[in-house]
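For reference, the structure is listed below as structure tokens.
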Amino acid sequence: MTAAPLLPKTAPFSPEDINVLNSVVARTTPLQRSWLAGFFAGFEAAQVGQPQQAAAAKLRVPLTVLYASESGNAEALAMKTKKLAQKHGLDARIIDMVDTDVSILAKAKNLIVFASTWGEGDPPSRAVDFLESLMGDDAPRLEDVRFAVLALGDTAYAQFCATGKVIDERLEALGGKRAADRLDLDLDYAKQAAEWTQGTLTKLAPADAADTATVVHVDFKVPGCVPDDGEPLLTPENPLEVEIAALVNLNGTGSTRETWHVELMADAPGFVYAPGDAIGILPENDPDLALELAEAVGLGADGSVVQKLREGYDITTLSRPLVEAYAKLTGRTDVTRIADQKAFTEFAADRQLVDLFETYSETLAPEQLFDLLRPLPGRLYSVASSPAAHPGETHLLVGAVRWDSHGKKRKGVASTFLADRRKMGDMARIYVKPNRHFRLPDDSARSIIMIGAGTGVAPYRAFVEERAEHGATGKNWLVFGERNYTFDFLYQLEWQEYLESGVLNRIDVAFSRDQPEKIYVQSRLWEQRAEVLKWVEDGAHIYVCGDEKGMGRDVDVMLGRILADAAQGDDEAGRAKLKELTKAGRYQRDLY
């Protein structure tokens with residue numbers, strides 16, 4: 001993107017000075033601009049006099065905002081908190097758990113923690129080491145620390161908000177004083193998180209925070225870009241309606257997969273993304289399922305109910321909290337029994353919400369039904385295009401989810417919304433989910449190793465397009481896996497063209513079903529371990545994208561094994577090297 005002039009012609013400087021200032025500011029980072037803002041604020045305070053300086057110093061109460069984030073939600077909340085803290089007389093600094101250790105806690109007089117839970121109760125991968133230290137016997141005592149924890153999670157999983165709960169309990173056990181009660185939030189967290197943050201900052205603020213001096217805020221961002229505080233202009237609450245320009249099934253007719261290349265026309269102010277980001281789709285539910293659910297609770301004849309279920313509510317996720325709420329609403333002891341963790345796990349296996357209502361049928365009023373349900377969340381898909389290669393567009397790679405269970409045909413919400421209920425020319429609502437932890441190297445001369453399976457290849461199409469458009473000199477190596485070469489080689493012709501042109505320097509493929517023994521991407525990595533090590537030693541960045549439970553974990557183990565092999569089989573040395581690469585931003589994962 002070409003930066004627009006940052007200072008207007010009406011600025012109180014000569015035209016020559018404006019040109020000089022624009023040339024400098026255009027090259028600055030958010031950190032540098034923040035430093036300059038602080039420098040000039042301090043300079044002005046010095047000119048006014050010592051009394052004002054003393055008052056300002058009195059109000060600068062430190063606040064540490066610590067976050068553990070996997071997809072960026074906790075990180076975004078931390079950034080918003082820093083922005084709000086100043087208004088409460090708090091001097092906030094944001095810290096990612098991967099970039100620090102537990103010793104900082106003892107120095108943090110005021111502490112706010114935002115912690116996400118990943119999958120079945122796991123902490124974000126970048127926070128694992130910090131949390132292990134926090135739970136250790138040598139963790140510091142925190143008698144002088146006031147703290148508050150906000151936990152993010154998904155009620156679809158049994159260990160809802162487990163990471164935040166563990167952190168909250170541990171901080172109290174270490175002597176910390178709870179400034180605000182922990183808040184556990186589901187996917188629709190935005191409004192409650194904002195209210196909790198405001199309330200917590202008020203409790204942590206100095207008594208005379210209301211007397212803080214007025215601060216003039218100068219916005220240095222380039223118009224249309226994602227602001228420096230990490231908040232995109234397009235969100236689930238403020239989506240963009242776009243036209244679907246292409247819907248193409250990339251799999252062959254004999255494939256067991258159904259993978260759709262989706263092109264969206266998004267030439268609109270405020271729509272900005274980078275390779276590595278995700279696009280959120282705000283889908284609608286299958287109308288047949290909405291009707292089936294309404295019929296199960298005696299409301300099938302009410303068209304307005306069916307429409308609301310189709311457009312506004314999550315009507316697929318069967319969660320334990322929902323079962324508990326249904327048991328309380330209906331007074332059914334048999335439903336209460338399946339709310340027990342073990343019984344719920346057995347009942348909910350491969351079932352959806354409609355199964356609960358059909359098995360334990362009760363007639364509900366519309367509002368009773370709606371009160372049981374959570375809002376329909378968006379679904380995130382890795383961007384499969386470079387904005388430099390496709391201006392005004394964004395491309396996605398969507399695997400249609402379909403399966404049979406308990407006598408019913410099931411469908412993924414967003415994937416079949418696109419595959420079955422949308423066609424070229426139709427509209428869809430989208431938003432941008434930035435992911436600054438899955439980015440190309442700042443140095444375009446650095447080489448990259450891209451590892452992915454299935455739809456996990458999507459961001460690598462964006463990476464390679466971006467590198468090609470900008471003439472990056474670093475080498476590009478793709479390691480891709482799927483089931484069958486003939487039917488499932490996603491973007492095959494494009495990869496072959498990139499190989500022929502030299503943009504893609506190497507590609508290794510693993511098609512698991514083309515031979516009696518299963519071959520996966522981690523198998524190819526082990527076969528080529530000497531080359532992997534050479535690339536790593538030369539400064540390459542490694543990327544992994546795909547399924548977290550299977551491929552993601554297997555590749556992580558294999559990379560540790562490869563690095564251990566280079567250290568004469570020392571497993572600890574291999575894992576330590578992988579952690580070192582993670583902290584340096586040279587090992588990045590985007591898993592789902």
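All of the numbers you see were taken from the coordinates with simple rules; none came from a lab. Because the structure is predicted, anything quoted here is derived from the model rather than measured. Counting neighbours? That spans all protein chains shown, and the Cβs are built from the backbone with ideal geometry, glycine included.
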task = Take the alpha carbon gyration tensor of region 61-211, find the square roots of its eigenvalues, order them as a ≥ b ≥ c, and report rounded if a/c is under 1.5; if not, report prolate when a/b exceeds b/c, else oblate.
result = oblate
query = How large is the charge dipole for region 448-591, taken about the Cα centre, if only the Cβ atoms of Lys, Arg (+1) and Asp, Glu (-1) carry charge, to the nearest 20 debye?
reply = 320 debye
ask   = Among rounded, prolate and oblate, which fits the chain when a ≥ b ≥ c are the square roots of the eigenvalues of its C-alpha gyration tensor, a/c under 1.5 means rounded, and a/b larger than b/c means prolate?
value = rounded
query = Of PHE370, PHE347, PHE130, how do they rank once you tally other Cβ atoms within 10 Å and put the fewest first?
reply = PHE370, PHE347, PHE130
query = What share of the DSSP beta bridges in the chain is antiparallel, in percent to the nearest 5?
reply = 45 percent
ask   = Tell me, what ³J(HN,Hα) does each residue in region 578-592 have, in order and in whole Hz, if you take phi through Karplus 6.51 cos²θ - 1.76 cosθ + 1.60 with θ = phi - 60° and put x for Gly and Pro?
value = 5, 5, 4, 5, 4, 5, 7, x, 9, 10, 10, 10, 10, 10, 9
request  = Just need the relative contact order of the chain here, percent rounded to a whole number, with Cα pairs under 8 Å and 6+ apart.
outcome  = 11 percent
key: Long-range amide H partners of ALA278 with built H, under 5 Å   = VAL383, LYS433, ASN435
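Relative to the present Cα-Cα distance, how much length would full extension add between LEU21 and ASP144 at 0.36 nm per residue of separation?
39.8 nm
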Check: the chain dipole with +1 on Lys, Arg Cβ and -1 on Asp, Glu Cβ, in debye = 900 debye
inquiry  = With θ taken as phi - 60° and the coefficients 6.51, -1.76 and 1.60, list the Karplus ³J(HN,Hα) couplings across region 405-412 in order, rounded to whole Hz; mark glycine and proline as x.
reply    = 7, 6, x, 10, 8, 10, 9, x
note = In whole angstrom, the spacing between the Cα centers of region 138-161 and region 415-493 equals 34 Å
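What length, rounded to one decimal in nm, is gained on full extension from HIS406 through to ALA194, with 0.36 nm per residue of separation minus their alpha-carbon distance?
Taking HIS406 through ALA194 to full extension adds about 72.3 nm, to one decimal.
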task = Round to the nearest 0.05 the FRET efficiency obtained for ASN505 and THR363 when R0 = 56 Å and r is the Cβ-Cβ distance.
result = 0.30
request  = Be a star and scan region 485-509 for residues whose amide nitrogen sits under 13 Å from the point 7 Å along the Cα-to-Cβ vector of LYS534.
outcome  = 506
ask   = FRET efficiency for GLN341 and ASP547, Cβ-Cβ distance as r, R0 = 25 Å, nearest 0.05?
value = 0.45
ask   = Which far-off residues, 5 or more places away or on another chain, put their amide H under 5 Å from the one on GLN159, with H placed in the peptide plane?
value = GLY121
ask   = What list do you get for ASP138, ASP443 if you sort them by fewest beta carbons within 10 Å?
value = ASP138, ASP443
task = Determine, for each peptide in 279-292, 411-424, the mean count of other beta carbons within 10 angstrom over its residues, then list the peptides with the highest first.
result = 279-292, 411-424
query = Across region 191-196, in residue order, what do the Karplus-derived ³J(HN,Hα) couplings come to in whole Hz, using 6.51 cos²θ - 1.76 cosθ + 1.60 with θ = phi - 60° and x for Gly and Pro?
reply = 5, 5, 5, 5, 5, 5
task = Evaluate the distance, in nm, between pseudo-label points positioned 7 Å from the Cα of LEU84 and of ASP288 along their respective Cα→Cβ axes.
result = 4.4 nm
request  = Give me ILE338, ILE167 ranked fewest to most by other Cβ atoms within 10 Å of their Cβ, as a rough exposure proxy.
outcome  = ILE338, ILE167
GLU517-PHE13 pseudo-label distance in nm [points 7 Å out on the Cα-to-Cβ vector] = 6.5 nm
task = Would you mind checking which residues have amide H under 5 Å from ARG146's amide H? H placed 1.01 Å from N; only 5 or more apart, or other chain.
result = ASN110, LEU111, LYS177
